[in-house]
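This is the structure I want to talk about, given as structure tokens.
What follows is calculated from the coordinates using simple rules that are stated; it is not laboratory data. These numbers come from a predicted model, not from an experiment. Note that each Cβ is placed from the backbone with ideal geometry, even for glycine, and that neighbours are counted across all protein chains shown.
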Amino acid sequence: MSDLSQLYDAILVGDAKTAFAVTQTALDEGADPQSLVVEYMTPAMDEVGKRFENHEYFVPELLIAARAMKGALELIRPLLTSSGVEPVGRVVIGTVKGDLHDIGKGLVASMLEGGGFEVVDLGVDVSAAAFVEKAKETGATIIAVSALLTTTMTGMKAVVDAVTEAGLEGVKVMVGGAPVTQQYADSIGAHGYSNNANAAVAIARELVAS
Ligand code: B12
């Protein structure tokens, strides 16, 4: 069995080639794709964030670590998704306006797809109006919004307000991202919150059923 600490280390130092190779070998050996993400890849990104906070890492290091994580995720994403089944519901997802972080959002999107949802991913830096417009166009009943910055998470309230103003009563807004808490989600009137991609699927199911 591969030494999976190599995956953690490779992401931490931004070694995309090794991260990809170790992931491929681990998957070939039958490793569970979700545990690779939860036990090795996400903790490595958390450590990258801590080093950035402590001024040991700077933006270039964040970027190369993110590139290593995204490369390895390309191998994992197809394994998290299923196909050929009737969608449980339709979700429009994106990262809030002014925010360019997309790794967590991408994971949530993949997990939702794996959970049987049809997902329309609007990418990053998405305005409240664009979320609402896409939900109307696609008939989605959930809008999922991600934010990683304390300065941009306030944009989530704009999405909740835009949904109300558009009169989309059947559309529920689900929020998440590192700085977001249940308390914050409640304070802006969001209908759902989770601090991880796995629980996001259960929350989305509850929202569709409610
Ligand atoms: C990688 C990274 C970057 C990369 C992003 C690359 C990319 N393509 O995403 C780059 C280099 C671009 C970047 C830029 C910046 N970053 Co940055 N970045 C990070 C870092 C290290 C990791 C984020 C990450 O991918 N984590 C891994 C994923 C899997 O976790 P996640 O995003 O939290 O997602 C999980 C959950 O939160 C949840 N979730 C996420 N979204 C959603 C949505 C819904 C609906 C639900 C239900 C759940 C959910 O599920 C996910 C999976 O379990 C974090 C540190 C950290 N630990 O968060 C800093 C961090 C977020 N960045 C930070 C900063 C300051 C910046 C910059 C301002 C730096 C600068 N001076 O330029 C810029 C801002 C650019 C912008 N306008 O967005 C700060 C934010 C501080 C704050 N309080 O606001 C952090 C916390 C670093 C730090 N400790 O200081 N960054």
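For the chain, how many pairs of lysine residues have a Cα-Cα distance under 13 Å, where the two are 8 or more positions apart or belong to different chains?
The result is 5.
Round to the nearest 0.05 the FRET efficiency obtained for V120 and F52 when R0 = 22 Å and r is the Cβ-Cβ distance.
0.10
Sticking with this structure for a sec: Which of rounded, prolate or oblate describes region 90-209 when judged by the alpha-carbon gyration tensor and an a/c cut-off of 1.5?
Rounded shape, in that the Cα axes give a/c under 1.5.
Quick one: which residues, 5 or more positions from T95 or on another chain, have an amide H under 5 Å from its amide H? H modelled 1.01 Å from N in the peptide plane, none for Pro or chain starts.
Counting only residues 5 or more places away or on other chains, the set is G123, V124, D125, V126, S146.
Please list, by residue number, everything in region 93-135 whose backbone N is under 20 Å from a paramagnetic label point 7 Å out along Cα→Cβ of Q34.
103-119
Grab the beta carbon distance between D9 and E165, set R0 = 45 Å, and tell me the FRET efficiency rounded to 0.05. Walk me through the intermediate numbers first.
Working: r = 48 Å, r/R0 = 1.07.
It comes out at approximately 0.40.
Right, here's the next one. Once phi is turned into θ = phi - 60°, what whole-Hz ³J(HN,Hα) does the Karplus curve with 6.51, -1.76 and 1.60 give for every residue of region 168-175, x standing for Gly and Pro?
Karplus values, whole Hz, x for Gly and Pro: 7, 5, x, 9, 9, 9, 10, 10.
Along Cα→Cβ, 7 Å out, is where each label goes; now give me the distance between the ones at K17 and A129 in nm to one decimal.
Once both label points are built, they end up 4.7 nm from each other.
Along the Cα→Cβ direction, 7 angstrom out, place labels at V208 and V59. What is the inter-label distance in nm?
If labels sit at V208 and V59, their model points lie 4.0 nm apart.
What nm distance separates the two modelled labels at N195 and E74, each placed 7 Å from Cα along Cα→Cβ?
If labels sit at N195 and E74, their model points lie 3.2 nm apart.
Residue farthest toward the positive end of the dipole of the chain, with Cβ of Lys/Arg at +1 and Asp/Glu at -1: which of Q24, G176, A190?
With unit charges placed on the Cβ atoms, the residue in question is A190.
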